[in-house]
Amino acid sequence: MSRGVKIPKCKKNSITDKIIKYPKPKFVYIPLICQNDINITVLVKNGDYVYKGDIIARKRGNFKIPIHASVSGTVTSIIEKPYLNGKLVKCVVIKNDFKERMSSTIVPRKHINDYTKDEFIDKIRDCGIVGLGGGGFPTFAKYDTDAKINTLIVNAIECEPYITADYMLLQEKCEEILEVIDAVIEINDIPEAIIAISRANTKTKEVINTFIGTYLKIKLVEVPNLYPMGWERTLIKEIKGITYNKIPAEKGIIVNNVSTMFAIYEALKYDKPLIERVVTITGEMIKEPQNILIKTGTPINEIIESIGGYKRFKDIYFIAGGPMMGTSIETDEMISSSNLTSVLVIRNNSEQEAIECLRCGKCVDVCPAKLSPVLIINSLETPEKLKSLRPEKCVECGLCSYICPSKIKVRDFVIEGKKIND
């Protein structure tokens, strides 16, 4: 397994003095989707008044995750809006009354380490906590296991270029994050927790070391400044020297990123559902890159306007997520969601035209999943051969496209192979 590649980080511009808030969208558009599943039951209708934190929809089938209102106000309609995958999704539209009335079901708790394991799992499930690194996998499912968990790894690598949401959270909320890590390992009887950071991130190391002394079961581990070091398989291999088949729990490990841990903290402490998150808004065409606490369903164009807008609204290109694993989107009318880590706005330079594959093998050399992307591309029309090449193992990190001297969009072709194999 490749440890990774050193690539430009481009993080400096979005690292500011503090995370700012955008608390007052006129309308929110709550997306009816969970992990790309649109099989959602809507629990409200036009004209209904909802409180902040009310459950307005619920995923069907496995992992019945609730979807909550991020503001108080009146449901006006269900319409389609652009989502981070570039597609239109149905959204419940709520007209914000700006009163921030909380659901009566929300009850804060003084101590966050006195939950039983079953209470803990129920709480993070009912609060709709999912992985905030972009995957959106229901967090309760990681802990709802009979396997003995020996290590909790808190992923603070944030190896994708431009994104600094976790970095800023650690600067501002380090004490809370350490508190919740300690609570989670106590509740789940986990012997140790490891916070993994990049060796280049000296400031975060200083902040954590300021507070970590009293937490004897939590330690800080530095890893190489490589991409994609934040991928679970690479990170676990680097820290523990082990591999696994399907999920880390097979080897007694759970991995959560920093934003997810803070969402767990707010769920345990304040009974707060996942109704907002920190999103990095950055790129060369943004006047003032920022990390912003955004309510779920807030239109991104509203957010960008609130921080000063664009340097110019011409020849610009939007990416939802980072430049390596993100998705190009056509409009700034996209709405925010729990799995939106960042919005990157860059100059839309004319792309260099791809040329024929040189058969150099660089995509094979850098692939962290040990795939042969070039062979997958060549096998898209031969399903049996494609199946043997295991494109479903692709983590969509984008290194194959990044490294390709022929400028082929290798990642896109491999993703196509994954869909064929489904």
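Filtered by the rule that a residue be within 19 Å of the chain's Cα centre (by Cα) and part of a strand (DSSP E or B), segment 270-290 gives GLU276, ARG277, VAL278, VAL279, THR280, ILE281, THR282, GLN290. Determine, yes or no, whether GLU250 is of a type in the set (D, E, K, R), surrounded by fewer than 17 Cβ atoms within 10 Å (Cβ to Cβ) and in the same structural domain as PHE140 (by TED's automatic domain parsing). Yes.
The residues listed here are PRO8, PRO25; of these, the one that is at pLDDT below 95, outside the structural domain of CYS159 (by TED's automatic domain parsing) and in a loop (DSSP other than H, G, I, E, B) is PRO8. Scanning segment 394-409 for residues that are of a type outside the set (A, V, I, L, M, F, W, C) and under 18 Å from SER328 (Cβ atoms) yields GLU396, GLY398, SER401, TYR402, LYS407, LYS409. Summed over segment 291-311, residues that are part of a helix (DSSP H, G or I) and in contact with a Phe, Trp or Tyr (Cβ under 6 Å, 6 or more places away or on another chain) total 2.
Let me confirm something: among ILE408, ILE319, ILE376, which residue is assigned to a helix (DSSP H, G or I) and buried (at least 20 other Cβ atoms within 10 Å of the Cβ)? Outline the logic, then answer.
Numbers: ILE408 fails: assigned to a helix (DSSP H, G or I); ILE319 fails: assigned to a helix (DSSP H, G or I).
Being assigned to a helix (DSSP H, G or I) and buried (at least 20 other Cβ atoms within 10 Å of the Cβ) holds for just one of ILE408, ILE319, ILE376, which is ILE376.
Screening ALA354, ALA369 for residues that are of a type in the set (A, V, I, L, M, F, W, C), in a loop (DSSP other than H, G, I, E, B) and touching a helix residue (DSSP H, G or I) at 6+ places or on another chain (Cβ under 7 Å) leaves exactly one candidate, ALA369.
For segment 127-156, a residue qualifies if it is at pLDDT below 95 and buried (at least 24 other Cβ atoms within 10 Å of the Cβ), and exactly one does: GLY133.
So which residues in segment 327-347 are hydroxyl-bearing (Ser, Thr, Tyr) and not in a loop (DSSP other than H, G, I, E, B)?
THR327, SER328, SER342
Looking only at segment 53-70, which residues are touching a His at 6+ places or on another chain (Cβ under 8 Å) and either surrounded by fewer than 18 Cβ atoms within 10 Å (Cβ to Cβ) or of a type outside the set (Val, Ile, Thr) (or both)? Those that are touching a His at 6+ places or on another chain (Cβ under 8 Å) and either surrounded by fewer than 18 Cβ atoms within 10 Å (Cβ to Cβ) or of a type outside the set (Val, Ile, Thr) (or both): GLY53, ASP54, ILE55. Scanning segment 71-99 for residues that are touching a Lys or Arg at 6+ places or on another chain (Cβ under 7 Å), surrounded by fewer than 20 Cβ atoms within 10 Å (Cβ to Cβ) and touching a residue at least 60 places away in the same chain (Cβ under 8 Å) yields a single hit, PHE98. Selection of segment 39-70 for residues being under 19 Å from ALA267 (Cα atoms), among the charged types (D, E, K, R) and in a loop (DSSP other than H, G, I, E, B) yields ASP54, LYS64. Assess whether ASP166 counts as being in a helix (DSSP H, G or I), touching a strand residue (DSSP E or B) at 6+ places or on another chain (Cβ under 7 Å), within 27 Å of GLU284 (Cβ to Cβ) and assigned by TED's automatic domain parsing to the domain that holds TYR244. So ASP166 fits the description; yes. Per the conditions (1) over 14 Å from the mean Cα position of the chain (by Cα); (2) part of a loop (DSSP other than H, G, I, E, B); (3) in contact (Cβ under 8 Å) with a residue 24 or more places away in the chain, the sole criterion not satisfied by LYS314 is (3). Residue-level check: of (1) in contact (Cβ under 8 Å) with a residue 24 or more places away in the chain; (2) over 28 Å from ILE181 (Cα atoms); (3) surrounded by 15 or more Cβ atoms within 10 Å (Cβ to Cβ), ILE112 misses just (2).
Taking the listed residues ILE94, ILE124, the one that is in the same structural domain as ASN188 (by TED's automatic domain parsing) and farther than 23 Å from GLY321 by Cβ is ILE124, with no other qualifying.
So, in segment 1-47, of the ones that are under 30 Å from PRO224 (Cα atoms) and free of Cβ contacts under 8 Å to residues at least 40 places away in the same chain, which residue ends up surrounded by the most Cβ atoms within 10 Å (Cβ to Cβ)? The extreme case among them is LYS12.
The values are calculated or read from the model by the stated rules, or taken from the named source; none is laboratory data. Remember, predicted model here, so these are calculated numbers, not experimental data. Please note: Cβ atoms are built from the backbone with ideal geometry, for glycine as well, and neighbour counts cover all protein chains shown.
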